[in-house]
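Notes for the one structure printed next.
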Amino acid sequence: MRLRLGDRTFDLATRALVMGILNRTPDSFYDKGATFSLDVLLARADELVTEGADILDVGGVKAGPGPEVSEAEELDRVVPTIEALHARMDVPLSVDTWRASVARAAYAAGAVVGNDISGFADPDYLPAAAAAGAAVVATHIRIGPRVPDPDPHYDDVVASVQAFLEERATMARSARVGVDQIVLDAGLDLGKTAPQSLELLRASTVLAGLGYPLLLSASNKPFLGVTLHLDIDKRQDASLAAAALGISLGCRIVRAHDVVGTRRVRDALAAVLEAA
């Protein structure tokens, strides 16, 4: 399995990529706005690259409910960040947005991935990615970003997510996004209860079987806190355990706050897979 990000191609047969998280938001569920200042965010980016992040993922709007963030405000948060990162470091950059206009501007500034938690709800999203030669992440969500979903129901959560992601991959290919530029994400916690998220994590082999790189976004997520009764500042070990399980079951990109710990998990599992 290979993944093309800009002018680079990664072999994911045995080695997953670690995606470092950069939140340019004042209300992130995890850091509560600690990296909202551009200077602080750039310093954090330097740390993540030094720690070994393979990709940096920049977001300007949190996924959960909160105050409205206009398109202009999101552009103002994201585009200067991507420009500054592109000028100072040589790692693939991802923009975490569901707006095609923001993705398009981010590609022009140097991003090579569009990470869309809405499942391409914006009809211009895939054409923008194809025109820029960018990769995309198709994420399952039941309703939409920023919309409360307190009681999600599925007859079969794995089958529902599998069908949704397969359809989105087909949409991306039809829009002329390269087959080696499509990534899938089960969307843990996005319109799922904690048990549903656990079931999807356990079913990673099924979703990886669709033939595209599978992204795992479990780092410090609420489903870990609910399952293990852990406050947000106590979920690091659980996040690493989820990463280890996900990689062993076929996930090939791990979106993480703890890049150092996640790299160690990734490297250990890569050694096992390569030995096999």
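The values are calculated or read from the model by the stated rules, or taken from the named source; none is laboratory data. Quick caveat, the model's predicted, so the values are computed rather than measured. Cβ: placed from backbone, ideal geometry, glycine included. Neighbour counts: every protein chain shown. Just the protein is used for accessible areas: all its heavy atoms, side chains included, with ligands, DNA and RNA removed. Shrake-Rupley method; radii C 1.70, N 1.55, O 1.52, S 1.80 Å.
Observations
- Restricting A203, A169, A208, A163 to residues that are modelled with pLDDT of 95 or more and in contact with a helix residue (DSSP H, G or I) (Cβ under 7 Å, 6 or more places away or on another chain) narrows the list to A203.
- Test: G261 is in contact with a helix residue (DSSP H, G or I) (Cβ under 7 Å, 6 or more places away or on another chain), surrounded by fewer than 24 Cβ atoms within 10 Å (Cβ to Cβ) and assigned to a helix (DSSP H, G or I): yes
- Within the stretch 33-53, restricting attention to residues that are assigned to a loop (DSSP other than H, G, I, E, B) and over 22 Å from T262 (Cα atoms), the residue that is modelled with the lowest pLDDT is G33.
- Residue satisfying all of: in the stretch 225-244; more than 17 Å from the chain's Cα centre (by Cα) and of a type in the set (A, V, I, L, M, F, W, C); nearest to D189 (Cα to Cα) among these: V226
- For the stretch 104-128, residues that are open to solvent by less than 20 Å² (accessible area, probe 1.4 Å), under 21 Å from E167 (Cα atoms) and not in a loop (DSSP other than H, G, I, E, B) total 7.
Residue-wise test of (1) within 18 Å of the chain's Cα centre (by Cα); (2) closer than 25 Å to A242 by Cβ.
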residue: D11; (1), (2): no, yes
residue: Y30; (1), (2): yes, yes
residue: D46; (1), (2): no, no
residue: E51; (1), (2): no, yes
residue: I55; (1), (2): yes, yes
residue: P67; (1), (2): no, no
residue: A72; (1), (2): no, no
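- Against the conditions (1) in contact with a Lys or Arg (Cβ under 6 Å, 6 or more places away or on another chain); (2) part of a loop (DSSP other than H, G, I, E, B); (3) touching a residue at least 24 places away in the same chain (Cβ under 8 Å), Y30 satisfies every one except (1).
- Every residue from the stretch 176-191 that is open to solvent by less than 30 Å² (accessible area, probe 1.4 Å) and over 24 Å from D151 (Cβ atoms): V177, G178, Q181, I182, V183, L184
- Taken together, the residues in the stretch 129-143 that are among the hydrophobic types (A, V, I, L, M, F, W, C) and open to solvent by 10 Å² or more (accessible area, probe 1.4 Å) amount to 5.
- Total residues in the stretch 151-209, condition acidic (D, E) and within 17 Å of V254 (Cβ to Cβ): 2
- Just one of the listed residues (S101, S160) is open to solvent by 20 Å² or more (accessible area, probe 1.4 Å), assigned to a helix (DSSP H, G or I), among the small types (G, A, S) and under 23 Å from A203 (Cβ atoms), and it is S160.
- Among (1) of a type outside the set (V, I, T); (2) open to solvent by 10 Å² or more (accessible area, probe 1.4 Å); (3) in contact (Cβ under 8 Å) with a residue 40 or more places away in the chain - the single one E68 does not satisfy: (3)
- Residue that is least open to solvent (accessible area, probe 1.4 Å), among those in the stretch 1-19 that are assigned to a loop (DSSP other than H, G, I, E, B) and of a type in the set (D, E, K, R): R15
- Of all residues in the stretch 139-157, those satisfying the criterion of being closer than 15 Å to D185 by Cβ, at pLDDT 95 or above and not in a helix (DSSP H, G or I) are T139, H140, I141.
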